[in-house]
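Step one of this worksheet: look at the structure below.
The values are calculated or read from the model by the stated rules, or taken from the named source; none is laboratory data. Since the model is a prediction, treat every value here as computed from it, not as a measurement. We place every Cβ from the backbone using ideal geometry, glycine too, and count neighbours over all the protein chains shown.
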Amino acid sequence: MAIRHIALSRLTPDGTPDETFGPGGVRLYQPPGFDHFAVRDAVLDSQQRIIVVGQGTTGGTTGMLACRFDAEGEPDLGFGDPLTGCRVIPGGSAIAEAVLIQPCPMPDNCVNG
């Protein structure tokens, strides 16, 4: 069964779901044109943007997946594909298992596998 949504969640400082983020503190995102994706890790960067990584398939290309969202859980369309805010790095069965934020000469588009 293909997974069709990325689920992001945010908690308040006391650990309860943040209802301002979405119902139950959850926001769902379905990247247009993706046939499959599996999220393996997520992190916040210094600008409070949410970066998720894993594996994805779009347009017949499968590989490592990276998507970026703003602090409110909206896709960052300045990252990766301008329609999805996601990027697939071709590699067949390659899966990004973890994400690490570090300096990059092109900070809005630096993804490496």
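Miscellaneous remarks
- Subset of the stretch 36-60 [out of contact with any Gly (no Cβ under 8 Å at 6 or more places or on another chain) and either farther than 15 Å from Ala96 by Cα or of a type in the set (A, V, I, L, M) (or both)]: Ala42, Val43, Leu44, Asp45, Ser46, Gln47, Gln48, Arg49, Ile51, Val52, Val53, Gly60
- Candidates are the residues of the stretch 1-55 that are aliphatic (A, V, I, L, M) and over 13 Å from the mean Cα position of the chain (by Cα); the one that is surrounded by the fewest Cβ atoms within 10 Å (Cβ to Cβ) is Met1.
- Residue list for the stretch 57-71, restricted to those being modelled with pLDDT of 90 or more, assigned to a loop (DSSP other than H, G, I, E, B) and either farther than 14 Å from Val43 by Cα or hydrophobic (A, V, I, L, M, F, W, C) (or both): Ala71
- Here Asp81 qualifies as outside any strand (DSSP E or B) and modelled with pLDDT under 90.
- Filter pass, Gly60 being surrounded by 13 or more Cβ atoms within 10 Å (Cβ to Cβ) and not hydrophobic (A, V, I, L, M, F, W, C): no
- Across the stretch 14-58, the number of residues qualifying as out of contact with any strand residue (DSSP E or B) (no Cβ under 8 Å at 6 or more places or on another chain) and of a type in the set (S, T, N, Q) comes to 5.
- Test result for Gly25, closer than 22 Å to Leu83 by Cα and among the small types (Gly, Ala, Ser): no
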